[in-house]
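The values are calculated or read from the model by the stated rules, or taken from the named source; none is laboratory data. Bear in mind the structure is a predicted one, so any value in this text is a computation, not a measurement. Heads up, the Cβs are rebuilt from the backbone with ideal geometry, glycines too, and the neighbour counts pull from every protein chain shown.
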Amino acid sequence: MLYDLVVEGDIVLAGGKVLKDGWLGVKNGLIAESSETPLKGAQVVDAHGYLVFPGFVDGHVHTRSYEGEGITATTRAAAAGGTTTIVDMPFDKPARPVNSQERLRAKIADVGNEAMVDVGLWATFSPEGDLEKIAEMAAAGAAGFKVSTIEVDPVRFPRIPDGLLYEAFQEIFQTGLPVAAHQENQEIVSGQAEAFQACGDTKPIDHALSRPPVAETEAAGRLLELAYWTGVRLHMVHGTLPRTFDLIKWNREQGVDVTGETCLQYLLLSMEALQEQGGRAKCNPPLRTKDDVEALWTLLHEGFIDVVTSDHSPYPLHRKETGDIFEALAGLPGVETLGTLLYSEGVAKNRIKLGQFVQFVASGPAALFGLGQKGRIEIGADADFVVFDPDAEWILDENELHHSVDWSPYHGLHVQGRVISTWLHGRCIYEGGEIAAEPGTGRFISPS
């Protein structure tokens, strides 16, 4: 058979099995065959000596938290980093959270016009209720529902009261979709911030010190208990502490349907980065101790963390570098660096295995959102893949990245491993430092 496209290289299959000097055949944008012997195609990708990964899936991205970023800039950066699918959070600026079927459909249309990779969409709901909208948004293709136990913005990113969470979890359970929550205790965080500011303790490190571990773990425990009694599928986002994952593990053993996520920054940076980088390193939840960082790597290796994401939420430096750290915006760019840096710091340093890497940034998030065509190199799956040089060594330069802001918290980091090219539905969208896609190349995707 003559395929539309054939790829020759070290093909990374399910579980991290490598088909050495293997071949892939692509037909009509789908993987049609994997083979140990050469295949024929109208186009040939010579990836000899390189790993061929499934396209990465980043399940925690904020394309519109900063109005200067947007879907196009984020998906452009994703393509350059080997990420072929993102799942975008619903807390869009200006104050237009995706909390109705109408807003969800409008954003789906925007994805069709603006995206360079495939995009799934989280939805949310307002603290006033409107819970009948949950089923409507699920039917319209939402990937899941995101809520917060802390108020970031009263309209765009509000706190949902516990009583309403209890009712909403029951409604979301009926949809079968996951619910994710930003888990921090409002009273602890607000009270500590006020106390620190009253004492004049407004240095960058005071951001981390004013949001103590108990603020995260108390809220995590509360959400897990709500999930226990409602049966909802709970996804715990951006866990920063070993105890958070201990709580997840214990509740899973009690029958709670729960998955756990950490983010790249909590694996690569400790709170000392706030002293070194200032407001650049401000994120919520905050960076933790070096011991916490090492413990998260241990949990990854032992299989107690399900996925790793970027929590990509970039802001320009003038909104990050402020005299009072409490005035700086919280969020880091990261969608472009997710896969490469997790490989460099994880696989290349023998902290995690190759199969675990694929689970954390490809098959795991795809399964979480029911994206059956994504995250795996398998017959019938979308032909989304990454040609990756595992031996390339280079220094990360923030000026070479593709998001809208001109900085990265990982600037100057020595990296092993590099994306050579990224392919979406059998089409090259990035190669050799150049974007080969245009807005509208990506598609909206929903749970299968």
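Within segment 294-350, how many residues are outside any helix (DSSP H, G or I), within 26 Å of S210 (Cβ to Cβ) and among the basic types (K, R)?
Counting residues in segment 294-350 that are outside any helix (DSSP H, G or I), within 26 Å of S210 (Cβ to Cβ) and among the basic types (K, R) gives 1.
Could you please let me know if L342 is surrounded by 24 or more Cβ atoms within 10 Å (Cβ to Cβ), in contact (Cβ under 8 Å) with a residue 24 or more places away in the chain and over 16 Å from E398 (Cβ atoms)?
When the stated conditions are applied, L342 passes them.
Within segment 33-74, which residues are of a type in the set (S, T, N, Q), within 26 Å of D21 (Cβ to Cβ) and surrounded by 14 or more Cβ atoms within 10 Å (Cβ to Cβ)?
Answer for segment 33-74, where residues must be of a type in the set (S, T, N, Q), within 26 Å of D21 (Cβ to Cβ) and surrounded by 14 or more Cβ atoms within 10 Å (Cβ to Cβ): S34, S35.
Looking at G278, G260, G200, G191, which is the one that is farther than 30 Å from H318 by Cβ, assigned by TED's automatic domain parsing to the domain that holds I150 and either assigned to a strand (DSSP E or B) or modelled with pLDDT of 95 or more (or both)?
G260
Would it be correct to say that A348 is under 27 Å from R280 (Cβ atoms) and in contact with a Pro (Cβ under 8 Å, 6 or more places away or on another chain)?
yes
Take the conditions modelled with pLDDT of 95 or more, surrounded by fewer than 24 Cβ atoms within 10 Å (Cβ to Cβ) and in the same structural domain as L342 (by TED's automatic domain parsing) and apply them to I108. Does it pass?
Yes, satisfied.
If I filter segment 212-225 for residues that are in contact with a helix residue (DSSP H, G or I) (Cβ under 6 Å, 6 or more places away or on another chain), modelled with pLDDT of 95 or more and surrounded by fewer than 21 Cβ atoms within 10 Å (Cβ to Cβ), do I get at least one hit?
Yes, that holds for at least one residue.
Specify which of the listed residues (S421, S408) is within 23 Å of E345 (Cα to Cα), in a strand (DSSP E or B) and among the hydroxyl-bearing types (S, T, Y).
S421
Filter segment 393-413 for residues that are over 19 Å from R319 (Cα atoms) and in contact (Cβ under 8 Å) with a residue 24 or more places away in the chain; which is surrounded by the most Cβ atoms within 10 Å (Cβ to Cβ)?
Per the criteria, the residue is L401.
Quick check on G120: is it in a helix (DSSP H, G or I), touching a residue at least 40 places away in the same chain (Cβ under 8 Å) and under 22 Å from the mean Cα position of the chain (by Cα)?
Considered against the rule, which asks whether it is in a helix (DSSP H, G or I), touching a residue at least 40 places away in the same chain (Cβ under 8 Å) and under 22 Å from the mean Cα position of the chain (by Cα), G120 comes out as no.
Filter segment 432-443 for residues that are surrounded by 17 or more Cβ atoms within 10 Å (Cβ to Cβ) and part of a strand (DSSP E or B) and give the result.
I435
For the subset of segment 134-163 comprising residues that are modelled with pLDDT of 95 or more and over 20 Å from L234 (Cβ atoms), which member is nearest to the chain's Cα centre (by Cα)?
Selected residue: G141.
For residues that are surrounded by fewer than 16 Cβ atoms within 10 Å (Cβ to Cβ) and hydroxyl-bearing (S, T, Y), tally how many sit in segment 147-170.
1
Being in a loop (DSSP other than H, G, I, E, B), in contact with a strand residue (DSSP E or B) (Cβ under 7 Å, 6 or more places away or on another chain) and over 18 Å from A215 (Cβ atoms) is the filter here; which residues of segment 159-186 pass it?
L177
Quickly run through segment 123-148 and pick out the residues that are among the β-branched types (V, I, T) and touching a strand residue (DSSP E or B) at 6+ places or on another chain (Cβ under 6 Å).
If the condition is that a residue be among the β-branched types (V, I, T) and touching a strand residue (DSSP E or B) at 6+ places or on another chain (Cβ under 6 Å), then T124, V147 are the ones that fit.
Condition test on E218, is it outside any helix (DSSP H, G or I) and closer than 23 Å to Q186 by Cα?
No, not satisfied.
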